[in-house]
Amino acid sequence: MLDITFIKENPQLVIDSMNNKGENNAQLVQQLIDKDEQWRQLVHKIDLLRAKSNKLAKQIGALMASGKKEEAQAIIQETSKSKDEVKKLEDKLNVIAEERTSLLLRIPNVAHPSVPIGHSEEDNQVYGTWGSPDTQSWLKPHWDILERCGWLDFERGVKVTGGGFPFYIGPLAQLQRTLIHFFIDEANKAGYIEMQAPYFINEDSARGTGQIPDKEDMMYEIPRDAFFAIPTAEVPVTNFHRDEILSEEQLPIRYVCHTPCWRREAGSYGKDVRGLNRLHQFDKVELVHFVKPEESYATLELLRVHVESLLQKLGLAYQTLLMCTGDMGFTQTKKYDLEVWSPGQQRWLEVSSCSNFEAFQARRMQLRYRKGEKETEMVHTLNGSGLALPRVLSAIVETYQTENGRVRVPDILKKYIDREYL
RNA sequence: GGAGAGUUGGCAGAGUGGUCGAAUGCGGCGGUCUUGAAAACCGUUGAGGCGCAAGUCUCCGGGGGUUCGAAUCCCUCACUCUCCGCCA
């Protein structure tokens, strides 16, 4: 959610920004400004009425206390009349306030000036590359390798739960556990505080990070208890500080948190779903930052560099994309995607996206910090995956496969898995 | 799951219908005193909305109701604690 004052002062900027993000709805801004004006006038009117009746109520109290019952009765007569009017206006205000908020929630975050303007993924900029994509023709996709080894079992996953819920078996399970361990260790070294979070969240949390309204279809729901299964650790970890006023000394705060993630992925069945490419449940190590506004863009670079270092240490070729306005998403001001090379599929796979939200999430969550003596200011939030496990697993299996069908252990992981082959 | 008790400002804790946004204590901040510090004493100290301002409104777990007036009464939901049961 953007700051309404900012929108009113910069309507054209917001409209341009919406266009750049592919949300061509210029009227929305004007509707919001009009609605806000209505809201303000009504608030003012109601405040005046309430001030009047508060005053009268106090007079009544005073009269009752001094035993002047009849005089009190007279005022009660008078004030009961305006009561209905206030009630009517309050109902109206509730409606308008709700409309105002829902308009406000439909306005996307404004992209940072450094973000390329574009409509689709074609317009994303390749920000950097590392390593060289292996394009030899004998390289097999991970599902071939894993199936033959018996390390990944989709069929029993279907039997036990459904599609997209595989079992990882033996060495592959060990590799995944090891990677999680490695990622968290690296984050710890970089100053992140390790955290374990709930796997279910309530509605307020889903609203806080913007999963609802509109994106509830991405989440699994437990209606009996009014919970959602987390689609990413971002939700519980960012909401950890919801409705708080942090002290300036606390910032920056950096958390690392491993969780499974559940996504319904409704309507996304297609050619990209083979093997570990797209699942309903997958593990991810998430990095979350809470920082002062003036630090958030430097922090985004810090985050990107950290995540890139993980891929470098694993020896996986990757490219970093600076996402264009049209491919960036509703809530971000700037976003990098990291894509690892999949030699067996001859394509790039997204394994992380690192985003700055500025105050967009914080404003929703009422997450502030104390600036100086009295003033409060919204915190800036950022997050990035560090990293999403299944696609890293496939990249490792495909990158480290040998011609006789084995998989070597990456050197960096040998302190955890003390052998040459998985 | 059953029975009971609670939910008030950063914390502790009063307040059961009328100047209560809220006593008091602790903590925080400022000051006096002191070579400095502690102690003591004095002052100050919740968040948010509207408004150029004066000012005004809202918030005592969430939502709804009764009343001229609600932290205080009623309904409802959530959460916390205690006891019992069950359990990794």
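The values are calculated or read from the model by the stated rules, or taken from the named source; none is laboratory data. Treat the numbers as computed from the prediction; the structure is a model and nothing was measured. Counting neighbours? That spans all protein chains shown, and the Cβs are built from the backbone with ideal geometry, glycine included. Surface areas here come from the heavy atoms of the whole protein model, side chains and all, with no ligands, DNA or RNA. Shrake-Rupley method; radii C 1.70, N 1.55, O 1.52, S 1.80 Å.
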Fill in the blank from the handout: Of the listed residues (A:ARG50, A:ARG106), the one being open to solvent by 80 Å² or more (accessible area, probe 1.4 Å), under 30 Å from A:TYR297 (Cβ atoms) and out of contact with any strand residue (DSSP E or B) (no Cβ under 9 Å at 6 or more places or on another chain) is A:ARG106
Fill in the blank from the handout: The condition of being open to solvent by less than 70 Å² (accessible area, probe 1.4 Å) and within 22 Å of A:GLN366 (Cβ to Cβ) holds, among A:PRO198, A:PRO213, only for A:PRO213
Handout entry: Out of A:LEU56, A:LEU42, sole residue that is of a type in the set (A, V, I, L, M, F, W, C) and either touching a His at 6+ places or on another chain (Cβ under 6 Å) or more than 9 Å from RNA strand B (Cβ to nearest atom) (or both)
Key = A:LEU42
Practice task
Just give me the residues in the stretch A:339-363 being closer than 30 Å to A:GLU403 by Cα and either touching a residue at least 40 places away in the same chain (Cβ under 8 Å) or among the β-branched types (Val, Ile, Thr) (or both), in sequence order.
Solution key: A:VAL340, A:TRP341, A:SER342, A:PRO343, A:GLY344, A:GLN345, A:GLN346, A:LEU349, A:GLU350, A:VAL351, A:SER352
Exercise for the section: Output the number of residues of the stretch A:269-280 satisfying the condition of being open to solvent by 40 Å² or more (accessible area, probe 1.4 Å) and either modelled with pLDDT of 95 or more or of a type in the set (Gly, Ala, Ser) (or both). Expected result: 1
Exercise for the section: Could you grab me the full set of residues in the stretch A:373-401 that are in contact (Cβ under 8 Å) with a residue 12 or more places away in the chain and over 29 Å from A:TYR336 (Cβ atoms)? Expected result: A:THR376
Completion exercise
When restricted to A:GLU70, A:GLU78, the only residue in a helix (DSSP H, G or I), away from RNA strand B (no atom under 12 Å from the Cβ), over 27 Å from A:PHE357 (Cα atoms) and charged (D, E, K, R) is A:GLU70
Exercise for the section: Kindly indicate whether A:ASP84 is within 11 Å of RNA strand B (Cβ to nearest atom) and either open to solvent by 30 Å² or more (accessible area, probe 1.4 Å) or touching a Cys at 6+ places or on another chain (Cβ under 7 Å) (or both). Expected result: yes
Completion exercise
Residue pairs qualifying under the 8 Å Cβ cut-off, at least six apart or on distinct chains, with the first in the stretch A:74-89 being among the acidic types (Asp, Glu) and the second being within 9 Å of RNA strand B (Cβ to nearest atom), are A:GLU78/A:LEU56; A:GLU85/A:LEU49
Practice task
Can you tell me which residue within the stretch A:239-263, out of those that are in contact with a helix residue (DSSP H, G or I) (Cβ under 6 Å, 6 or more places away or on another chain) and charged (D, E, K, R), is modelled with the lowest pLDDT?
Solution key: A:ARG242
